[in-house]
Each structure stands twice: as C-alpha cells, then as structure tokens.
Amino acid sequence: MAADPESADAARAPRVLVVWCPDWPVTTVLGTDLDPDRAAAVVEHGRLLAATDAARAAGARRGQKVRTAQSTVAGLELHDRDLDAEARLFEQVAHTVAGLAPHLEVLRPGICAIPARGPARFHGGEDRLVEKVIDAVEAAGFECRVGIADGLPAARLAARSHRVVPPGESARFLAGFPVGELADGKLADLLVRLGLPTIGQFAALPTGSVADRFGPAGVAAHRAARGLEARPVVARPPGLDLTAEERFEEPHLLAEPLVFAARVLAERLHTGLAAAGLACRRFEVEVRCADGTVASRAWRHEGALSTGAVAERVRWQLQAWQHRALFSAVAGGAVALRLVPDGLVADPGRQLSLLDGDREATDRVERAVARVQAILGHTGLVTVELAGGRAPADRVVRTPWGDAHQERRADGPWPGRLPAPSPAYVPPAPVPVRLLDADGQEVQVTARAEALAPPARLVLGGRTAEVTGWAGPWPATERWWDTADARRTARLQVTLADGRALLLAVEGGRWRVEGAYDG
C-alpha cells in the first residue's frame, strides 16, 4: 500500500486550552458589575462590535450598523471601543492563567491559550484543569469560558461552547461549523460560492486538489479543518539568532519610548526572518529592568505576524505593564527590550499578481506608513476615494491609513447631485465669494430654485470678473426631517471673462466656490 504523502507531518495537532472572555469590549468599557437590564453596545467603524445580554435580547447583533441597532433597540447606549484599555485589563486575566500553566499565549485582548497536555497531567486531567482555570479567572473578577481541543482553531470554537473535545475528535467537532470560522474572508467567500459552506465539506477535499486550487493559505486551512497543525513548525537554523533587542542608555519609566523602539525592533525582526525564508506565528516580548527583574509575555496570531501586527501587540503589552507598574521607579526602569520569534514556519511566499501586488512592496509600504504616522500622527497619512454624496467635497473622502473605508455608495441615487461633468479641482475648504447682478446686488435664489436676476459679476478675493455664462441653479435639500441639521443649498455653474469656469453654491444667502473646471 502506498504511504500517505502527508505521513511525515500528519500527526494530530497538540492539545490546546483556550480561555475566552465573552464580550470583552463591553466588559472593558462598562465594567464587570453590570446591570443585567442595561442595553449597551460597543461600536467600531460605525458598526456594533459587542453588546450586553439585554441589548442582544432586544435584537442587537454584532456587525449591525449603528442606525439599524438604534432603531431596533430602544434606548441603546453606544460606546466607542478602547482597544488599549482592553489590552491593559486583559493582562489581569493573562497573569492569572499564567499562574496555572507555563507558555501562555495571548491571541488578542479577551482570548488566550496554553498548551493543555502538561498542565492537564499536573492538575489531574483536562476536566480538572478547566475547573481550576475557571475558578481562578472568576476569582479575579471576570467571566470566562474554556475549551480544549486538538489545535488552536478547534479549541477556540470549543471555548465558545464551553466544551472539552476528546483527542482525535476535532475534525468531527469542526465539521458542522461554517467555513468562515476557519478560513479568511476571501477564501471563505470563494468556498461558499463553490458549494462548500461547512468546514466538514472543505476537509473532505483531496489534499492535492486544495494545494493546486487554493495555494498555501488553502492548505493551511485544510490541515486545520482535519485537526492537524495548520503549518508545520520548522527547526531554527543552527547558529541563527533572530532575536531583536534594544538596550537603553538611560532606564525608561514610561511605555512611550519603548513603544517607539518596538516599531524599529519589529522591522528588524521581520528583516531577519525574511532573509532566512521564515515567518513566525508567535513572538515573545521581554522587558528587562535595572534591578534584574524580567517581564515577558507571548503573543500569537493564527497566520503569520506582520510588522504592523507585532508593533501593535508590543504596544498593548507595554501599556498593560506600565499600568501594573512593572518597570516603575521601584524596579529602576526598563533598560532593555527584546522580541523573540517562536513558532517558526517556512514562508511560502505567493504567486505575484498584477491585482494583489508584490508582497515585499506591500510590506515596505506598511513599514513606511508606520514611520510616517509615528511622526505626523494617525491622521497625518490618508487615502482618497470616491464615495456617494451631492456636493463635490462630499464625494472626496479622505480616510486615515488603516481605518475602515467610507461606506457611502458612489452609485446611489443621491437626488440633487450635480450633473456631469464634475469639477477638476475641489478646494479643501469652501471659498467665500460675492455673486452680483447688473445692478450690483447679491444674486438671490428663491425656494423654487429660480435666480431672481441673472448673474453679471463675481467678486473673489477683492478682484471682480465678468460673468459670460451661467447654468442652474440646482437645488439640494438634505436632512429635511431634522430641524437642527436640515440644509437647503443651490448650486450654479458660471464661466468668467478670464476663461475660468467655477461651481458656486449658495446657502443661507452666502455664496461660495465649491470647485473649478478645466478649461
């Protein structure tokens, strides 16, 4: 009989215990002592991220738009997400769980994992280990759910249902879940369109076919779907030191200087990994203090950690440690920061695409953006895109790099929108002008969008230009149902004797320039 082509590395994934604190964003913002009848939710990028039990019972759902949630749940409280506070608070949970088992890894604020095999033997079995973890976390003042299974993906889903999946049963346990619980968004969408909506259906595909059709990302998800290690761990090359370290001449008592250094270390770490053809699934951040004490914490990602992901997780951890005063004046301050990669995997790269772009170029852009934003601030670097709107300025949306993009559809109806062609130039702020008739009076527009007199002259910046042609006005009434925010605007196109063509708008009797056309 022919040998299984995967027999060399097809051993079952190791047993993993996952601790999940439900609705962690809500716990962070509202606290653990919460009124059960309080309907509240945490919002991120205009959508619900998490909600209280009372809000969910009334119809609130993760991913809902804020307006939909407010119309569904009467009196819904909305709070902005505070990711830094989530990381600081979750350090208490991580510290508690780390007291029961070594090698704890934080996946994100609200969820952490530990290898289950050794601790289970020490504490008298997996069920007994789960009880001890729950008791310890609840004693610290937090609610949690715990699950154990073969491999991290299955353990995460087991934690949701508070379940211990027997060894060798993870593939069967995963089979009924939607494929989106395991694969990333693009891959999951493709699998659903191909008629493979569940993890079990995806796992039943032949390995060779998955590799040919879906590439390295598909192979990793396929292995995880069968209860195997998603990507086999490779040995560290002999004599290769991939640790990135920074020693400070003066001890630091605050996290900010360490965060700045962490960005440089993250780039150095990935440069070394790329040169060796490797990527890491987890890394350890370590701070050494002047009195010799050392604080360390491991962070993990189910894919390969990018430079930005490493820097972000280091920032969370440093701020959490500062909150606990781990490198305060008592310890003499922090004198060294180290990033130690672990869980090394071969970096498979990917086939270059004219649509997706070059991975190396993308990484370089992300590193450059991180440096610029560190200097100019989060809003110092933006992307520009076309969105829906009536005024030209409304259709040009500037989004800080890394934030969610505007969701206003550019192809919507937008009654009152200006007809084509659109202005070639839109000033960053409206420019006030005076539009005069032949008698030198301000041109007025009636409620029926009719000009009482034809425009004759335009006064802009103290200079007067003759109007040689005009078209309009075009009215636009916005938010008429809200007396506080209601707006009535009329727009007019004019050509001037000096060859310029401008778009003007009048609101409240005041004229302004909203754009300029090419000649």
Just one of 180, 218 is open to solvent by 40 Å² or more (accessible area, probe 1.4 Å), small (Gly, Ala, Ser) and either modelled with pLDDT under 90 or part of a loop (DSSP other than H, G, I, E, B) (or both); which is it?
180
With respect to residue 159, determine if the residue is open to solvent by less than 10 Å² (accessible area, probe 1.4 Å), more than 30 Å from residue 39 (Cα to Cα) and modelled with pLDDT of 90 or more.
no
Within the range 162-177, the residues that are outside any loop (DSSP other than H, G, I, E, B) and open to solvent by 60 Å² or more (accessible area, probe 1.4 Å) are 172
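To keep it simple, each residue is scored yes or no on (1) at pLDDT 85 or above; (2) open to solvent by less than 90 Å² (accessible area, probe 1.4 Å).
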{"residue": "428", "(1), (2)": "no, no"}
{"residue": "435", "(1), (2)": "yes, yes"}
{"residue": "443", "(1), (2)": "yes, yes"}
{"residue": "476", "(1), (2)": "no, yes"}
{"residue": "490", "(1), (2)": "no, yes"}
{"residue": "496", "(1), (2)": "yes, yes"}
{"residue": "499", "(1), (2)": "no, yes"}
{"residue": "508", "(1), (2)": "no, yes"}
{"residue": "515", "(1), (2)": "no, yes"}
Quick one: count up the residues across the range 279-297 that are in contact (Cβ under 8 Å) with a residue 60 or more places away in the chain and open to solvent by 20 Å² or more (accessible area, probe 1.4 Å).
2
Which of the numbered conditions does residue 274 fail, given that it passes all the others? Conditions: (1) assigned to a strand (DSSP E or B); (2) aliphatic (A, V, I, L, M); (3) open to solvent by 20 Å² or more (accessible area, probe 1.4 Å).
(1)
Among the numbered criteria (1) at pLDDT below 65; (2) in contact with a helix residue (DSSP H, G or I) (Cβ under 8 Å, 6 or more places away or on another chain), which one does residue 409 miss?
(2)
Within the range 101-123, track down each residue that is out of contact with any Lys or Arg (no Cβ under 9 Å at 6 or more places or on another chain) and either without any contact (Cβ under 8 Å) to a residue 24 or more places away in the chain or open to solvent by 30 Å² or more (accessible area, probe 1.4 Å) (or both).
102, 103, 118, 121, 122
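The values are calculated or read from the model by the stated rules, or taken from the named source; none is laboratory data. Because the structure is a prediction, the values reported are computed rather than measured. We place every Cβ from the backbone using ideal geometry, glycine too, and count neighbours over all the protein chains shown. Just the protein is used for accessible areas: all its heavy atoms, side chains included, with ligands, DNA and RNA removed. Shrake-Rupley method; radii C 1.70, N 1.55, O 1.52, S 1.80 Å.
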